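Written below as structure tokens is the structure these notes are about.
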Amino acid sequence: MPAPSETKRYYITSPIYYVNDAPHIGHAYTTLACDVLARFMRLDGRRVKFLTGTDEHGQKVEKAAAAAGLAPKDFTDKVSQNFRDLAAAMNFSNDDFIRTTEPRHITASQAIWKAIAAHKSPKGRDNIYLGKYDGWYAVRDEAFYDEKELTTGPDGKKRAPSGAEVEWVEEPSYFFRLSDWQDWLLDYYETVKPDFIGPNTRRNEVISFVRGGLNDLSISRTTFKWGVPVPDAPGHVMYVWLDALTNYITAAGYPDENTEDFKTFWPADLHMVGKDIVRFHTVYWPAFLKAAGLEPPRRVFAHGWWTNEGQKISKSLGNVIEPNALIQKYGLDPVRYFLLREVPFGQDGDFSHRAMVGRLNGDLANDLGNLAQRVLSFVHKNGGAQVPPPGAFDAADDAMLAQARGILDAVRHLLTATSNAPEFHRALEAVWSVVTGANAYVDKQAPWTLRKTDPARMNTVLYTLAETLRCVALVLQPFMPQAMEKLLDQLAVPADARDFASLDAKAALTPGTSLPAPQGIFPRFVEEKA
Ligand code: ME8
């Protein structure tokens with residue numbers, strides 16, 4: 001059993017985004033996944049820290065600033081704000097928003113550098129040494145590549161596996177002795193922390209990459225200036241990924257390891273990332289941390305990528321999906337629901353208008369929205385606008401209530417305890433099995449017929465349905481906070497009875513409580529006529 005203090009905290013991070021580009025659906029997706037977990041854990045009684053932010057250094061950002069005709073600092077101030085606006089538009093509940101240009105982060109980055117330099121590698125050698133980098137670099141990925149990883153396109157240009165163009169770089173550079181960390185890393189993945197990397201497919205890829213051997217990693221650059229200065233090494237700025245990864249500990253108070261925040265929240269419970277940045281998070285980052293005498297995070301989960309109507313999303317194709325446009329068109333909570341329901345989390349997925357409308361009109365408007373509207377309107381008209389007084393529950397009622405009250409355990413398990421967790425799509429499927437059960441129950445019990453034949457029984461059925469809706473709404477809050485707030489308001493659930501402890505039968509709806517007039521929560525999407 002973990003100690004109580006262990007189970008009561010949860011530190012989740014999203015990647016910090018490069019400010020060379022405007023926010024798009026991919027950025028919204030990763031942070032949404034974090035937001036749902038953060039909200040879930042808060043409702044589940046944990047103390048949560050949820051971090052997102054912007055990654056503002058490096059050659060890519062320096063070039064984007066130059067292209068915009070702005071000094072890097074002015075450029076990053078401007079573009080970083082777009083990511084804060086995205087967080088507000090998506091209703092993200094992040095506790096902190098870090099910018100890597102902040103003084104707290106410069107301090108932390110220089111401190112981790114010094115800590116890495118002060119410790120020896122597992123083979124007893126200096127972790128950092130001065131050398132010269134001769135090799136390939138992709139500015140778009142801010143990554144170094146081996147010749148053997150590259151392909152040559154029909155245009156004769158060499159490209160990284162990501163498709164990014166590479167350039168030949170020769171410059172003096174400090175190196176991190178990553179090659180000495182291979183055995184330690186393999187032992188960490190295989191024995192010490194078998195659930196460090198999810199999903200399993202990514203775990204296997206990382207293990208086979210590390211088994212293939214690791215080269216030392218260039219961790220400073222000398223051919224441009226936009227970065228964190230390397231301590232005591234004029235002309236060197238830190239490799240942007242060493243600086244960027246450090247954001248996760250900056251926000252917990254590093255280099256002061258004695259703060260309440262650091263002691264409570266580090267190591268992080270989960271770094272959520274896209275599949276493109278797995279290597280940085282699962283190979284470099286645990287090695288940097290261990291080399292600095294710090295604990296690695298507990299888990300890194302890599303989700304898949306979205307395409308748009310079957311096509312890769314890219315600026316040059318002009319098919320970038322802007323979160324604000326989606327929110328305006330379909331509504332925020334339907335978009336949040338769709339992104340996590342449509343695609344098995346961890347796999348690639350395709351955004352299409354047809355699929356979005358299918359989920360909105362099917363799962364949301366029909367299955368859940370219509371159920372709530374039918375039950376609440378009926379109670380309003382025929383039950384005196386009050387929570388109906390139930391009589392004795394029969395086996396069907398008991399089964400319905402047991403199913404509703406049991407969803408939390410199923411959802412918690414799928415979000416935290418399976419080897420491919422978090423499995424948002426399966427968690428939502430589990431909630432929808434209750435919604436489907438409630439729709440079958442209402443059809444079978446037919447309260448509209450009971451109104452004439454057996455009003456007392458009608459009240460029991462309506463109570464069972466209202467209580468089922470309460471449980472469903474409580475559990476769905478992390479996914480669709482605004483819509484579920486509306487539904488809970490319509491059930492007159494007090495604000496202090498909306499955490500997961502309130503799923504208990506002891507917090508069930510009180511008969512006789514007045515209910516406000518019901519309103520639809522998920523308007524159907526109607527296609528505009530051409
Ligand atoms: O990599 N589908 O930042 P970045 C799904 N600054 N997710 C997508 C996506 C798509 N089509 N496109 C992007 C960086 N993403 C670094 C991170 S962390 C210490 C530093 C998401 O702005 C996905 O999560 O390039 C990916 O990992 C992230 O955006 C990359 O964002």
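We did not get these values from a lab; they are worked out from the coordinates using the rules stated. As the structure is a prediction and not an experimental result, all values here were calculated from the model. Note: ideal-geometry Cβ built from the backbone for every residue, glycine included; neighbour counts use all protein chains shown.
If the Kirkwood radius is taken over C-alpha pairs of the range 404-502, then at 4 °C and 1.567 mPa s the Stokes-Einstein diffusion coefficient equals 89 µm²/s.
Contour minus end-to-end for A501 and W448, with contour as 0.36 nm per residue of separation and end-to-end as the Cα-Cα distance? Don't skip to the end; give the middle numbers.
Details: separation 53, 0.36 × 53 = 19.08 nm, distance 3.30 nm.
Length gained between A501 and W448: 15.8 nm.
Just check the range 1-160 against the gyration tensor rule for me: Cα atoms, a ≥ b ≥ c as the square roots of the eigenvalues, rounded for a/c under 1.5, and otherwise prolate or oblate depending on whether a/b exceeds b/c. It is oblate, given that a/c is not under 1.5 and a/b is not larger than b/c. Three principal axis extents of the chain based on alpha-carbon atoms, in descending order, are 88, 60, 39 Å. Exposure proxy ranking for Y248, Y188, Y174, based on other Cβ atoms within 10 angstrom of each Cβ and starting from the fewest, stands as Y188, Y174, Y248. If you take the square roots of the eigenvalues of the alpha-carbon gyration tensor of the range 412-470 and sort them as a ≥ b ≥ c, do you get rounded (a/c under 1.5), prolate (a/b over b/c) or oblate? Because a/c hits 1.5 or more and a/b exceeds b/c, the range 412-470 counts as prolate. Were the residues from T201 through Q311 laid out at 0.36 nm apart, the gain over their Cα-Cα distance would be 37.3 nm.
So how much slack lies between R298 and K381, counting 0.36 nm per residue of separation and subtracting their Cα-Cα distance, in nm? Mind showing how you got there, number by number?
On the way: separation 83, 0.36 × 83 = 29.88 nm, distance 5.26 nm.
Additional length available on full extension: 24.6 nm.
If packing is taken as the mean number of other Cβ atoms within 10 Å per residue, what is the order of 310-316, 366-372, highest first? Please report the intermediate quantities before stating the final value.
Details: 310-316: 10.7, 366-372: 20.1.
Ranking, from highest mean packing down: 366-372, 310-316.
Using a simple spin-label model with pseudo-atoms 7 Å out from Cα toward Cβ, K148 and S93 lie 4.8 nm apart. The alpha carbon centroids of the range 20-57 and the range 472-530 are separated by 24 Å.
From the cross-link list K120/K290; K78/K225; K263/K290; K73/K158; K193/K290, which pairs have alpha carbons spaced over 22 Å apart?
Numbers: K120/K290 10 Å; K78/K225 20 Å; K263/K290 17 Å; K73/K158 32 Å; K193/K290 14 Å.
Correct reply: K73/K158.
Summary of packing: across the peptides 55-62, 147-154, the per-residue average of other C-beta atoms within 10 Å ranks them, highest first, as 55-62, 147-154. The alpha-carbon atoms of the range 332-400 define a convex hull whose volume equals 132 cubic angstrom per residue. Residues of the range 128-143 falling in the label zone of A164, defined by backbone nitrogen less than 18 Å from a point 7 Å along Cα to beta-carbon, are 133-143.
Using alpha-carbon pairs under 8 Å, 6+ residues apart, how would you state the relative contact order of the range 9-304 in percent? Averaging sequence separation for qualifying contacts and normalising by length gives 22 percent for the range 9-304.
If neighbour count is taken as other Cβ atoms inside 10 Å, put D261, D155, D504 in order from fewest to most. Walk me through the numbers before you get to the answer.
Values: D261 15, D155 7, D504 10.
By the 10 Å Cβ count, ascending, the order reads D155, D504, D261.
Projected over all directions and averaged, the alpha-carbon convex hull of the range 9-304 occupies 15.5 nm². Rounded, prolate or oblate for the range 1-85? Axes are the square roots of the Cα gyration tensor eigenvalues, ordered a ≥ b ≥ c, and the cut-off for rounded is a/c under 1.5. Here the range 1-85 falls in the prolate category. If the cut-off is 21 Å between C-alpha atoms, which lysines fall inside it for K529, apart from same-chain ones fewer than 8 positions away? Excluding near neighbours in sequence, the set is K329.
Mean residue ellipticity at 222 nm from the helices of the chain, using -39,500 (n - 2.57) per DSSP H segment of n ≥ 4 over the full residue count, to the nearest 500 deg cm²/dmol? Can you show the working numbers first?
Details: 21 runs with 226 residues, N = 530.
Estimated from H runs of four or more residues: -13000 deg cm²/dmol.
So in the range 9-304, what percent of DSSP beta bridges are antiparallel if you round to the nearest 5?
Working: 22 of 42 bridges.
Among the beta bridges of the range 9-304, antiparallel pairing accounts for roughly 50 percent.
Quick one: net charge of T222's neighbours, Cβ under 11 Å, K/R +1, D/E -1? It would help to have the intermediate numbers written out before the result.
Values: positive: K132, R221, K225; negative: E170, E171.
With Lys, Arg at +1 and Asp, Glu at -1, the neighbours total +1.
For V335, what charge total do you get from the other residues with a beta carbon under 12 Å from its beta carbon, if Lys and Arg give +1 and Asp and Glu give -1?
+1
Each of I128, I207, I12 was scored by other Cβ atoms within 10 Å of its Cβ. Arranged with the fewest first, they read I207, I128, I12. Scaling against 2.2 N^0.38 Å puts the C-alpha radius of gyration of the range 280-404 at 1.66.
Take every pair of alpha-carbon atoms less than 8 Å apart whose residues are at least six positions apart; their mean separation over the length of the range 365-476 yields a relative contact order of 41 percent. Once you reduce the range 357-379 and the range 267-330 to the center of their Cα atoms, the two points are 33 Å from each other. At q = 0.12, 0.29, 0.30 Å⁻¹ the log10 of I(q)/I(0) for the range 459-508 amounts to -0.22, -1.20, -1.26, computed by Debye summation with a single uniform scatterer per C-alpha, solvent ignored.
When you restrict to C-alpha pairs under 8 Å that are six or more residues apart and normalise by the size of the chain, the relative contact order lands at 15 percent.
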